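S.K.: What follows is a single structure, and I will ask about it in a moment.
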Amino acid sequence: MNYPDKSAIETRPLSTTSSDSTDDDSILLNKLMDWLHTAETSTSESDWRIYAEESYDFYAGRQDTDEVIAILESQNRSASVYNEIKPKIDMLIGLAAQNRKAPLVFPVETNDAGLAEIANGAFKHFRRTSRMARNEIECFEHMTKSGRALLHFYISGDDPFNPEIKSKRIHGRDFWLDPFSVEYDMSDARFLFVDKYFTKEDIECYFPDVSPDEMAQLSTDNPNNPSFYSQERDLYRITECWYRVVEKVYWVMNPLTKRSESLSEEQYKAFKKQIKDGLTLPDGREFKKDDFPAMEKLRKTVHYAIFSNTKIIEKGPSPYKHGEFPYVLFGAFKDDNENRWFGAIEVMKDPQRGINVMRRQLQYLLQTAPKGIFMHESGAVLDIEKYEQRSSEPNFHMELAPNALAQGRVKFSTQPQISPVYAQLIGLDTQMMKDASGIQDSLLGIQTSSREPGVTVRMRQETGLAVLFVLFDNYREARLQAGRQLLSLIQQYITDAQLIRIEGEEGAKLIQINTQRDPNAPGFNDISVGKYDLVVDEALENQTMRMAVMQMLTEYSQNNPGTIPPDLILEYSDLPISAINKVREYTKMMLEREERVKMAATQAEQQKNADSAAIERMGLDVKMQIAELNAAVNLLIAQMNEAKDREKVDKTTQNKKEVEVIKQFAKTRNEEGE
């Protein structure tokens, strides 16, 4: 069954090609109807729908057929369901959500690192706006349950002046795949049909050239052909088909993008005319040639057609340059004999049925098994009414007639034992579900032993994940293909200059894309020109190896300082180019700072030595001055002492002279007195 919700059919590709030839449309319609009939009647598609419907019922708890329910009701037994499947499927979905890795754009050439970082910002932006991450998880949910789902990328035509890249999940029952296609990426598929159901009013609104009454009448008159009208729901079917056609293409080297491109014959003629008239290159030069050679090749090209059982509504070559169906297949496990996808629920159905049967039987036996019977002769129990009313009380005691026990007139019959084989079978079925699905208790977070080492638990979890390798590897491959398609759409349709909000080391910031398209000019940011590969899990493995090398270089550098240049360590890190440049700038700044500190220390040491020499010279000068002063003082003291000695001698001489004078004077007086 198909839901009447949004579909890719509502949003048509921007570039469409219509044909005025009714004969061509009739031939194409007959071919499409034959392909669709082949797909609908194939074993892979018809059986998938049967098993997928049952898988969805098992997940939802509807695990019994109508016949089983009728038998249980006739026996007055409850149709209890002990759903062990739902928590295990929910765990797988949660595990995929927890370990989800966003794809990144990596440059093939080192000089594209800056451009790849800009492309990563744009890639992350459009993943968010297209709800790609959410749709990937929804696809994983349905591939786990039923085995398959599709992720569809398309260009929204709601605003013709501003096309938007969008994505949506396509349920497995809403598409029909080529039954002979075996490649996971559908590269070998001849066709892919996607259904959409509309009401009569919607048909008249969206497709005014299509007659709903004619569609219903033709479906009724030709029951062997694919039906395009559902009487139960009163809905009309419109189908979109993507198919491959072998055509001649012309490979040219585009002078604008400097990349090789394949053109149809009409496109090649228009391209040659444009080159002949003159083409302006991004650097402003004019490119003009009378003849522009090309290489002719045969290649499968993708076409599409939207049709009903009455007419071709729209047709044309695929407008997308990635050359694939704009749908990405998410498949879980594959039955190679039937070429049919199936999910994780399929391998758990039989153990789940066994659990339900055994537990119901065990519950039934517990409810219907005879209880222990109290047997006694008449008169052996003195108060039989008291026994009947109060025997269930915990402190009840019963009084018997004398010698009733000794004479064996009272006896209890034991309750029959239920065979332990039921519990054993339930345990076997439960373990079988875990072994078949790979979902052990450790993955569910159930503690199996209180003393089990953490290493043992981790090894058990890794073993369980190894059983799920096919499931998660297919999920990785699908995300890888989806990432490539999204990047191709970004390069093809986001041609105008745009501001993209990205997250950087400095928080949210805005960058510009497609404002500078000349590779020789600074600020080149044309994301439609750079060459880069998209890697998902392989990038993580590569990153692990590079990080290991970087760790070894770092440890060697720490043990042997100065032996490993910092730039060599940065080359083995997977940091964005802007972060690497910031680290280099910071390292350069720190080296310059260390150099300045060393120079300042050297100058300070030299100045210190000069100051010490000057101080030493000053000390010597002071000592010399002190010595000179001491010598001068000593000389002065000597002179002063000499002067004092002379003065003393002179004074003595003077005193002697005065004494002589006095003596002479006294003698003279004496003589005169006489």
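The values are calculated or read from the model by the stated rules, or taken from the named source; none is laboratory data. Keep in mind it's a predicted model, so treat the numbers as computed, not measured. FYI the Cβ positions are ideal-geometry reconstructions off the backbone, even for glycines, and counts take in every protein chain you see. The area values use the complete protein model at the heavy-atom level, side chains included, leaving out ligands, DNA and RNA. Shrake-Rupley method; radii C 1.70, N 1.55, O 1.52, S 1.80 Å.
S.K.: How about segment 115-133: which of its residues are part of a helix (DSSP H, G or I), open to solvent by 40 Å² or more (accessible area, probe 1.4 Å) and modelled with pLDDT of 85 or more?
M.R.: R128, T129
S.K.: Now for a different question. Checking R360 against (1) open to solvent by 40 Å² or more (accessible area, probe 1.4 Å); (2) within 21 Å of Q415 (Cα to Cα), only one condition comes out false. Which one?
M.R.: (1)
S.K.: Can you name the number of the only condition in (1) of a type outside the set (K, R); (2) open to solvent by 10 Å² or more (accessible area, probe 1.4 Å); (3) within 29 Å of R62 (Cβ to Cβ) that L150 fails?
M.R.: With (1) of a type outside the set (K, R); (2) open to solvent by 10 Å² or more (accessible area, probe 1.4 Å); (3) within 29 Å of R62 (Cβ to Cβ) applied to L150, the lone miss is (2).
S.K.: Exposed (fewer than 15 other Cβ atoms within 10 Å of the Cβ), modelled with pLDDT of 90 or more and in contact with a helix residue (DSSP H, G or I) (Cβ under 8 Å, 6 or more places away or on another chain), is that true of D178?
M.R.: Spelling it out, it is not the case that D178 is exposed (fewer than 15 other Cβ atoms within 10 Å of the Cβ), modelled with pLDDT of 90 or more and in contact with a helix residue (DSSP H, G or I) (Cβ under 8 Å, 6 or more places away or on another chain).
S.K.: Something else: Can you pull out every residue in segment 313-341 that is open to solvent by less than 20 Å² (accessible area, probe 1.4 Å) and of a type in the set (A, V, I, L, M)?
M.R.: Matches in segment 313-341: V328, L329, A332.
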